[in-house]
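Asker: Sharing a structure with you now.
Read-outs throughout are calculated quantities, based only on the coordinates presented, and are distinct from any laboratory measurement. The structure presented is a predicted model; accordingly, all values stated were derived computationally and were not measured. Because the Cβ atoms are built from the backbone with ideal geometry, glycine has one as well, and the counts that use them run over all protein chains shown.
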Amino acid sequence: MSETDGGAIIARVLKRNDVLFLYTLCGGHISPILVGAKKEGLKVVDVRDEVSAVFAADATARMSGTVGVAAVTAGPGVTNAVTAVKNAQMAQSPLILFGGATATVLRGRGSLQDIDQLAIMRPITKWATSVKTLSSLEGTVQRAFEVATSGTPGPVFIEVPVDLLYREDVVKEWYMKESGVENATGLGAKALELYLRGHLYKQFHAPSLPVPGPLPDVRMPGRNAEDEVSKVAEALAKAQRPVLVVGSQTLVIYRDPEPLSLAIESLGIPTFLGGTARGLLGHKAEIQLRHKRSAALKKADLVIVAGFPFDFRLGYGRSISSKATLVAANLSRTDLRKNRRPEIALQMHPGTFLENLACKNYSDSAKWGPWFATLREREVARDAEIASKANQDSELVDPLHFFQSLESQMADDAVLVVDGGDFVATAAYILRPRKPLCWLDPGVFGTLGVGGGFAVGAGMCRPGQETWLIYGDGSSAYSLAEMDTCVRHGLAPIAVIGTDGSWAQIAREQGEILGDLVGTELRRCDYHKVAEGYGAKGLLLDDPSKVAETIAEAKAIAKAGHPVVLNVMINSTDFRKGSISM
């Protein structure tokens, strides 16, 4: 008789792989995983929606350089998590999701919450598998870590039937009781009993076999990788107008980003940072630029794109001058050449590429002085233009003025989580991430609803650091309930909700082009009172003259250990006119 349950086995593998947090929403199908994780010393963080559990695991993967892990119950627990899993896939975040499932003998017979979960998960994960025997469980979980982190990182789904998670004696009792064979007589009952006993023996005592699964999806750099890096160094030495674009993938599975930061600074190239890479060079690095990226790419004679696909953010590659020498480093063979074929393509970790390039740097960055001067002139002009649009004397709070004040008051170690449309996009023009791995946005999927889960993950990874969650009033309703999670687990983010009673990013252009605001209008709700109902502190800001003092009050509340929601009544602006998202 096996005395070990599947939950304990899973927990041991998680601990062996340096997992610190397990995010979840409880369910009978997965209870042994939670109990086993707690016994192994993992922090079990239970949230209010399964999607937030996976978002929190995603945030943990991005901020820690490890694999994020979540567990959800069968059926609706798994389907609730789908959006977050797809978001992680597109963001290339390594994570493992455990999904509960009905007992193996009841599969397809109408059991509670029994659906074909693998059919749902296969298209949105690197690997989706179901465990059939206890002996294969440990190997499957260990293989999941390898798959999630190999090649282009991404999510893995492991379905674990409930009868593999509990002890053999408990499962045997369930089988006999539910089947009715305990008190039944006759050949049919005897045959069923023999079948169930045989099935149980196979589940718990079958020999361990090699675990099937996909091979890593990357061809590692061959012997000529060093030669290719040397070619890039030679091109850089000749360049007069170089530009470096650094994307999220550059930091994936990076536990210590400092060597990468130093490498980029030593290269001295005018640098634009995107996604999770924001903050990589600190608050105000001399080589970092934030505005007019397309204009710089149009005039550059050498463009190095590290961990950033040629998607809509780079005009599908058309933003880059056709006369420029284009270099790209990416783990994904597809992303490396999608929409635009670089002259030098390196399929390797873009962070490793930049560190290697810095070691071979033959260039004299002093010759780029005139080019830097042109780019910085544009930078200063754009900052001045934004500042000129800020209105401190409006009836309600002007978003630009609010974010200027917040930028001046944020702590030096502040973490920024963003979840929304117009209000969040406005923030991105002004707020400067302070340090590496301190900026969390949805990524290329553009998912609303990441905020609560991301803030929970950030709080677990950065205990004691000031965390700002920037919400639109539309997006806040997706996950405001996670304030309860923060209260229960001692997390203290400051959630700022820009309330204008509108899905503004859509409404602005919909109204102008189509002449109808249908489906885009909200109410100016008392979100701060909602937060108080969940146990957080709530503040209302509707007086432009009290912006600075209210921000200071929110900081003090968070520092005292309480999550706080700052409901900011903002006025409508045309700052981002023409920016409808499609």
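Asker: Using 28 Å as the Cα-Cα cut-off, could you pick out the over-long pairs in K299/K338; K39/K555; K284/K338?
Answerer: K39/K555; K284/K338
Asker: Another question about this same structure. With charges set only on the Cβ (+1 for Lys and Arg, -1 for Asp and Glu), what does the dipole of the chain come to about its Cα centre, in debye to the nearest 20?
Answerer: Once rounded to the nearest 20, the dipole reads 1660 debye.
Asker: Here is a further query. What does the charge add up to near W439, with Lys and Arg as +1, Asp and Glu as -1, over the other residues with Cβ less than 11 Å from its Cβ?
Answerer: After counting each charged neighbour, the total is +4.
Asker: Which length gain, in nm to one decimal place, applies between K15 and R378 when the Cα-Cα distance is subtracted from 0.36 nm times their residue separation?
Answerer: That works out to 125.7 nm of additional length.
Asker: Run the paramagnetic zone check for D574: 7 angstrom along Cα to Cβ, then residues of the range 498-541 with backbone nitrogen under 15 Å.
Answerer: Counting backbone N atoms under 15 Å from the label point, the list is 508-513.
Asker: Another question, if that's okay. Could you list the trypsin sites (Lys or Arg not before Pro) in the range 453-525 that lie in coil according to DSSP, counting only those with at most 13 other Cβ atoms within 10 Å of their Cβ?
Answerer: Here the trypsin sites (Lys or Arg not before Pro) that fit, given the DSSP loop and packing criteria, are R523.
Asker: If you wrap a convex hull around the C-alpha atoms of the range 390-569 and split its volume per residue, what is the figure in Å³?
Answerer: Convex hull volume per residue, Cα atoms: 112 Å³.
Asker: Next question. For a protection proxy built on the mean count of beta-carbon atoms within 10 angstrom, sort 25-32, 397-404, 510-517, 459-466 highest first, please.
Answerer: Ranked from most to least packed, the peptides come out as 397-404, 25-32, 459-466, 510-517.
Asker: Would you report the distance distribution of C-alpha pairs in the range 421-516 as whole percents per 10 angstrom bin, up to the bin with the largest distance?
Answerer: The percentages, shortest bin first, are 15, 45, 30, 9, 3.
Asker: Can you list the lysines whose alpha carbon sits under 21 Å from that of K389, skipping same-chain ones fewer than 8 residues off?
Answerer: The qualifying lysines are K292, K546, K577.
Asker: Put +1 on the Cβ of every Lys and Arg and -1 on every Asp and Glu Cβ in the range 384-491; which of A387, I470, V397 then has its Cα farthest towards the positive end of the dipole?
Answerer: Positive-end residue among those listed: I470.
Asker: What is the magnitude of the charge dipole of the range 390-569 about its Cα centre, with +1 placed on the Cβ of each Lys and Arg, -1 on the Cβ of each Asp and Glu, and no other charges, expressed in debye to the nearest 20?
Answerer: 740
Asker: Then there's this: Quick check: residue separation of R524 and D543 times 0.36 nm, minus the Cα distance between them. What number comes out in nm?
Answerer: The span from R524 to D543 would gain 5.3 nm if fully extended.
Asker: I'd like the distance separating the alpha-carbon centroids of the range 474-525 and the range 18-82, in whole Å.
Answerer: 26
Asker: For the range 243-296, what mean projected area does the convex hull of the alpha carbons give, in nm²?
Answerer: About 3.6 nm², averaged over all directions.
Asker: Separate question: If you count, for each residue, the other Cβ atoms within 10 Å and average over each peptide, how do 449-455, 305-311, 359-365 line up from highest to lowest?
Answerer: Descending packing order for the listed peptides: 449-455, 305-311, 359-365.
Asker: Please quote Rg/Rh for the range 225-377 to two decimal places, taking the Kirkwood radius as Rh and restricting both calculations to Cα atoms.
Answerer: Result for the range 225-377 is an Rg/Rh of 0.91.
Asker: Moving on. Can you work out D for the chain in µm² s⁻¹ from Stokes-Einstein, where Rh is the Kirkwood radius over C-alpha pairs, the temperature is 10 °C and the viscosity is 1.306 mPa s?
Answerer: In µm²/s, the coefficient is 62.
Asker: Among V564, I10, I33, whose Cα lies farthest out toward the positive end of the dipole of the chain, if unit charges sit on the beta carbon of Lys, Arg (+1) and Asp, Glu (-1)?
Answerer: Going by the Cα projections, it comes out as I10.
Asker: Take D256 and D301, extend 7 Å from each Cα along the Cα→Cβ direction, and tell me the distance between the two endpoints in nm.
Answerer: Using points 7 Å along Cα→Cβ, the separation is 3.8 nm.
Asker: Any aspartates and glutamates with Cα under 12 Å of the K559 Cα? List them, leaving off those in the same chain fewer than 8 positions away.
Answerer: In chain and number order, the partners are E466.
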